[in-house]
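K.L.:
After the structure tokens below, expect a handful of questions from me.
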Amino acid sequence: MKDIEQAFEEELRVAIFRLGAEKSRGPGGFPIIFFQKFWNLVKADILSLFGQLYNGVMDLRCLNNALDTLIPKKECAFMTNEFHLISLLNVVIKIITKILAIDFILTFTSS
């Protein structure tokens, strides 16, 4: 494996392990903790996905989806202000945004 591929693999692993393990699931039903616990199993697929994304051969419509839902703040909620709106994002989108955030912070704190 090339040095740059190893560096990106480590960057990807760090990003996944910095995400909240128990936060809301994506539309596919898998929480972040699944990717953390089974990193060695899913690593090749995630790296392949990022390779397709980098090479511009991925149809982004398969990633760009979310499930919006209302969670009641109390029992028998009726009014709109008695609900929390949450958006269940695809886990890959969460990983992409985490990598971008880490890179952004590193870029602007090192200059």
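Readers should treat all values here as calculations from the given coordinates under stated rules, not as data from a laboratory. Just so it is clear, the structure is predicted and the values come from calculations on it, not from any experiment. Note that each Cβ is placed from the backbone with ideal geometry, even for glycine, and that neighbours are counted across all protein chains shown.
K.L.:
Return the subset of Lys23/Lys73; Lys73/Lys98; Lys43/Lys98; Lys37/Lys73 for which the Cα-Cα distance in this structure is over 21 Å, preserving the input order.
P.N.:
Lys73/Lys98; Lys37/Lys73
K.L.:
Obtain the nm distance between the two label points defined at Ser87 and Ala66 by a simple spin-label model: each point lies 7 Å from its Cα along the Cα-to-C-beta direction.
P.N.:
Those two pseudo-labels are separated by 0.2 nm.
K.L.:
Divide the volume of the convex hull of the Cα atoms of segment 32-87 by its number of residues and quote the answer in cubic angstrom per residue.
P.N.:
Per residue, the Cα convex hull of segment 32-87 comes to 116 Å³.
K.L.:
Expected output is a single nm value to one decimal: the length gained when fully extending between Glu75 and Ser48, i.e. 0.36 nm times separation in residues minus the C-alpha distance. What is it?
P.N.:
Length gained, Glu75 through Ser48: 5.3 nm.
K.L.:
Here is a further query. Before rounding to the nearest 500, sum -39500 (n - 2.57) across all DSSP H runs of length at least 4 in the chain and divide by the residue total; then give [θ] at 222 nm in deg cm²/dmol.
P.N.:
After summing the helix terms and dividing by the residues of the chain, the value is -16500 deg cm²/dmol.
K.L.:
Treat every Asp and Glu Cβ in segment 3-109 as -1 and every Lys and Arg Cβ as +1, leave all other atoms uncharged, and give the resulting dipole magnitude about the Cα centre to the nearest 20 debye.
P.N.:
With only Lys, Arg, Asp and Glu charged at Cβ, the dipole is about 380 debye.
K.L.:
Sticking with this one: Per residue, what volume in Å³ does the Cα convex hull of the chain take up?
P.N.:
144 Å³
K.L.:
Taking the Cα centre of segment 39-94 as origin, sum charge times position over the Cβ atoms of Lys and Arg (+1) and Asp and Glu (-1), and report the length of that vector in debye to the nearest 20.
P.N.:
With Lys and Arg at +1 and Asp and Glu at -1, about 120 debye.
K.L.:
Just name one of Leu106, Pro72, Ser48: the one whose Cα is farthest towards the positive end of the charge dipole of the chain (beta-carbon charges, Lys/Arg +1, Asp/Glu -1).
P.N.:
Checking the options against the dipole of the chain, the answer is Pro72.
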